[in-house]
Every structure is written in C-alpha cells, then in structure tokens.
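To start, the structure itself, in structure tokens.
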Amino acid sequence: MSNEIVFLMFVFMLAIFLGVELISKVPATLHTPLMSGSNAISGIALIGALLVAGTGNNSILGSIIGVTAVTLATINVVGGYLVTQRMLTMFKKKGK
C-alpha cells in the first residue's frame, strides 16, 4: 500500500512539473486553440467524475470526493468556455 501511494505521488508531481514546463513554452497566439482543447479534456474529466460519484459506493468519503470532483470539473468546463468565448470575441472584426 505504501509503495502505491509513493508511486501515485511521483506521477502527480511529474504531471505538475510537465504541465508547468509545457504551458510556459506556448506562444500567446496558441492559447485560445489550446484552451478549447483543454476544455474538451475537462469535459471528459467531468464525465469521469460523474461516473466516480455515481458508483453506488456507500462510503461517505467516496461520496464527498465524487461530489467535489463533479463540482470542480463543472466549474473548470464552464469557466473555460466562457474565457474562450471572450477571447474569440476579441479576434472578430468590428462592425461598421
């Protein structure tokens, strides 16, 4: 059990490091398309969170984690789409 926790923490820390390194090297012109792609991935995470929350596990901790995951994933998806929409309106041609 202890080795599994160490392994999961290693994967988590590696994901944080790689995420920061990759995002910091992206030029500003690519942020909008990448944000749209990350919103799609967040939608997949939301579906996974819904599956975890609805497993029928009677554990209180499992229910709390499931509801928290659904809430955070929903905030991420909605906020991401709102920010993407706002960024895309900056690139539209202004009317006469």
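Every number in this text was worked out from the coordinates using simple rules, so none of it is lab data. If you're wondering where the values come from, they're calculated on a predicted model, not measured in any experiment. Quick reminder, even Gly has a Cβ in these numbers, built from the backbone with ideal geometry, and neighbours come from all protein chains shown.
Highest mean first, how do 74-80, 24-30, 61-67 rank when packing is the count of other Cβ atoms within 10 Å averaged over residues? Walk me through the numbers on the way to the answer.
Numbers: 74-80: 15.1, 24-30: 7.6, 61-67: 13.6.
Peptide ranking by packing, descending: 74-80, 61-67, 24-30.
Note on the chain: percent of Cα-Cα distances in each 10 Å bin, starting at 0 and stopping at the bin with the largest distance, equals 14, 28, 35, 16, 6, 2, 0.
Only Lys, Arg, Asp and Glu carry charge here, each on its Cβ (+1 for the first two, -1 for the last two); on that basis the chain has a dipole of about 860 debye about its Cα centre. Per-residue ellipticity at 222 nm computed for the chain from its helices equals -29000 deg cm²/dmol, with DSSP H segments shorter than 4 residues left out and the rest contributing -39,500 (n - 2.57). Between the helical axis of 2-24 and the longest alpha-carbon principal axis of the chain there is an angle of about 10 degrees.
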